[in-house]
Amino acid sequence: MMSYRAFQTGWGGLVALFLLFLPMIVPEMKIHLATEILIFALFGISFNLLLGYTGLLPFGYAALFGVGAYAAALMFNHLPGTPLVVTLLIAALAGLLTAIFIGSFCVRLRGTYFALLTLAFQMFLYTVAMKWRDVTNGDDGMGVIRPEIDLPGFGNLSLMNINNLYYVTLLIVVLGILAAYLFLKTPLGNAVICMRENDERASFLGYNVFLTKLTVFSFAGFLAGAAGGLFVLFQEFVSTTTIDVHMSFTIVLMVIIGGKDRFLGPVIGATFFLLFQDWISDVTVYWWLFMGLFFIVVVLYLEGGLISLLNLDRVWLWVNRQEK
Amino acid sequence: MTVSIYVIQAMHGLVYGMLLFLVASGLTLVFGMMGVLNLAHAAFYMLGAYFAYTVTVHLGNFWLSLIVAPLMVGVLGVLIERFLLRKAHKGGHVAELLLTFGVFYVLTECVRLIWGSNPLPVPVPPILTGDIPFMGMTYPIYRLFILLFSAIILTGMALLLMRTRIGILVRAAVSDGEMVDALGTNVPVLFMGVFGGGAALAALAGVIAAPFLSVFPGMGLDALLDCFVVIVIGGFGSLFGAFIAALMIGELQSFGILWIPRLAMVFQFLLMVIVLIVRPTGLLGEKE
């Protein structure tokens, strides 16, 4: 009988191999898609730290993504020589600072109040991005040139090559997701889950609910900012679409459809959403309608999202039964 | 001369504020009663405007749309409450919020599918076209009509809530739904009615806004954002608070555009943030 641990490791290894050799299997167009999926997977995971683990629904989550995106774009344009890592770190820090600012107002609130106050801040930042033309160029947006990276052993790699961009994105996204995973394993991560269940009791146990939630919010903002920076790198362009209501709504749809109760739910959500979008936008321009209907069905009948259909435990039991 | 500019601008603000309150009142009533912030409300408002367009253009009668649109949207609201929202109720407020969000998206896309993405003009009915002289300047009659009409609707609503048995039940259910249920009122039916009524009110606001703002698929989202600011400032669930806040936002936008056009949109968010820092529950809201 195969141990569950070995089974899980096996699956993980298969997925890792698949991701590593993807550029050799599929055409270039699909690598584009895969890169986008990776970015939204990271964005979704950071969103779900709040929705799934802290029990907060940030409706205006694009604020953090957008600020990261603009920070990265400004770095690329005004300080072109900066190493990519530094630029992305600054994008992430911009997300973090924005999260601290927004969070200090919002995390005291719960449920609908929290959801809509974050939306208000996002709309505010959207207006700023729209009107502050000297810096952001308004809704015309700004073009960005992907930098070269100097990798020891490989020499200068141009990110104009989509495969190189894919690997860089893969590395950063995996690191980000790993950081989120490890964060949840810390005592702080446990305290957060405790607050999702009952924050009054958590505060009686001596936890500082406000500070803890603010920390999670900021950490999520850090990851969302990094995702925003990667998105600019990927699009070679930044505009108000990175910080508008649709971006906020998109991430809500992705995470709910993927499943908020499991750690990798948002990854499934981003994958499904973007693959579906890629396929159906050839068929009809009204694809948001189908996505909306699908979303309603998931909210009403499939609370765990798509990932709840993908039950590895059941596969494992089935495999074991075959061996007997 | 300058005084009359300010008066005119104040009138513009008042008209927009009243319109805003007409939309926000249904939203805040449903929120106070069911604890659901109904994001689909904005889509009901938009549907009202689109029905006004279809009725006015194809049947040539704007007045008819004042009856047709609220009726149809009201029925739609009742159906959505009965068959979708009630199912989401067990999932808690977040599930309900997500559901109304999904409905908002689907309705917006349906509007795009049926009427297209381009803005559609709705002609002002002939009796109400033109301007009247006003303090040495002129003022569009249709705006005065909006003012008058919303005032009538709001008075009617206030009378309904304060003076009738249904109104008493609704107010009682807002303050303690379980107790009203225990005393023998069918609260789910009451909820369904209020939800439908709120939808009809939003549609009515959409109809009278249609000739004034023209009709386009983004109007729902615009209204949602403004209404949301209104009910946050006024205090969730408080009708009178929403009234004050709607007039404040109306005037703020009107004078903001006059003085600092580039930042007009920023003002209302600043006002909201200030209110939330000073009084986190809004001007007249009770504690969550």
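The values are calculated or read from the model by the stated rules, or taken from the named source; none is laboratory data. All values derive from a computational prediction rather than experimental measurement. All Cβ positions, even for glycine, are placed from backbone atoms using ideal geometry, and neighbour counts span all protein chains on display.
Below is a table of values for the structure above.
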quantity	calculated
Any hit, region B:43-57, residues being in contact with a Phe, Trp or Tyr (Cβ under 9 Å, 6 or more places away or on another chain), surrounded by fewer than 24 Cβ atoms within 10 Å (Cβ to Cβ) and within 19 Å of B:L97 (Cα to Cα)	no
Among the candidates A:G269, A:G265, A:G229, A:G258, residue that is modelled with pLDDT of 90 or more and over 23 Å from A:I31 (Cβ atoms)	A:G265
Number of positions in region A:1-59 that are without any contact (Cβ under 8 Å) to a residue 60 or more places away in the chain and farther than 29 Å from A:Q235 by Cβ	8
Some residue of region A:212-219 being within 14 Å of another protein chain (Cβ to nearest Cβ), buried (at least 24 other Cβ atoms within 10 Å of the Cβ) and either in contact with a Gly (Cβ under 8 Å, 6 or more places away or on another chain) or under 15 Å from A:L42 (Cα atoms) (or both)	no
Unmet criterion (only one of (1) within 13 Å of another protein chain (Cβ to nearest Cβ); (2) in contact (Cβ under 8 Å) with a residue 60 or more places away in the chain; (3) farther than 26 Å from B:V75 by Cβ) for B:P280	(2)
Lone unmet requirement of (1) crowded, with 18+ Cβ neighbours inside 10 Å; (2) touching a helix residue (DSSP H, G or I) at 6+ places or on another chain (Cβ under 8 Å) for A:I193	(1)
Residue satisfying all of: in region A:59-101; assigned to a loop (DSSP other than H, G, I, E, B) and surrounded by 18 or more Cβ atoms within 10 Å (Cβ to Cβ); modelled with the highest pLDDT among these	A:Y61
Any chance A:D282 is outside any helix (DSSP H, G or I) and within 13 Å of chain B (Cβ to nearest Cβ)	no
Residue in region A:289-308 that is within 30 Å of A:V144 (Cα to Cα), crowded, with 16+ Cβ neighbours inside 10 Å and free of Cβ contacts under 8 Å to residues at least 24 places away in the same chain present	no
Flag if B:F191 is surrounded by 22 or more Cβ atoms within 10 Å (Cβ to Cβ), in contact with a Phe, Trp or Tyr (Cβ under 8 Å, 6 or more places away or on another chain) and closer than 30 Å to B:R279 by Cα	no
Matching entry among B:G241, B:G220, B:G256 (being away from every other protein chain (no Cβ under 13 Å), farther than 18 Å from B:A151 by Cβ and part of a helix (DSSP H, G or I))	B:G241
Within region B:225-238, considering residues that are within 10 Å of another protein chain (Cβ to nearest Cβ) and crowded, with 24+ Cβ neighbours inside 10 Å, the one farthest from B:G32 (Cα to Cα)	B:V229
Search result, residues across region B:24-59 that are modelled with pLDDT of 90 or more, within 30 Å of B:G91 (Cα to Cα) and more than 14 Å from chain A (Cβ to nearest Cβ)	B:F44, B:Y45, B:M46, B:L47, B:G48
Residue within region A:243-251 that is assigned to a helix (DSSP H, G or I) and closer than 18 Å to A:Y53 by Cβ present	yes
Filter result for the condition that a residue is among the small types (G, A, S), crowded, with 16+ Cβ neighbours inside 10 Å and touching a residue at least 12 places away in the same chain (Cβ under 8 Å), over B:A69, B:A95, B:A88	B:A69
Test: residue in region B:9-19 that is within 14 Å of another protein chain (Cβ to nearest Cβ), at pLDDT 90 or above and either surrounded by 18 or more Cβ atoms within 10 Å (Cβ to Cβ) or touching a Pro at 6+ places or on another chain (Cβ under 8 Å) (or both)	no
Positions within region A:102-150 being within 11 Å of chain B (Cβ to nearest Cβ), charged (D, E, K, R) and in contact (Cβ under 8 Å) with a residue 12 or more places away in the chain, in sequence order	A:R108, A:R110
B:V215 buried (at least 19 other Cβ atoms within 10 Å of the Cβ), within 30 Å of B:V55 (Cα to Cα) and under 18 Å from the mean Cα position of the chain (by Cα)	yes
Residue pairs meeting the criteria (Cβ under 7 Å; at least 6 apart or on separate chains; first within 22 Å of B:G197 (Cβ to Cβ), in region B:129-153; second modelled with pLDDT under 85 and assigned to a helix (DSSP H, G or I))	B:I146/B:F212
Members of region A:102-152 found to be closer than 15 Å to A:A71 by Cα, β-branched (V, I, T) and out of contact with any Pro (no Cβ under 8 Å at 6 or more places or on another chain), listed by number	A:V128, A:V135, A:T136, A:V144
Residue list for region B:96-110, restricted to those being hydroxyl-bearing (S, T, Y) and facing chain A (nearest Cβ under 7 Å)	B:Y105
The one condition in (1) surrounded by fewer than 20 Cβ atoms within 10 Å (Cβ to Cβ); (2) more than 14 Å from chain B (Cβ to nearest Cβ); (3) small (G, A, S) that A:G265 fails to fulfil	(1)
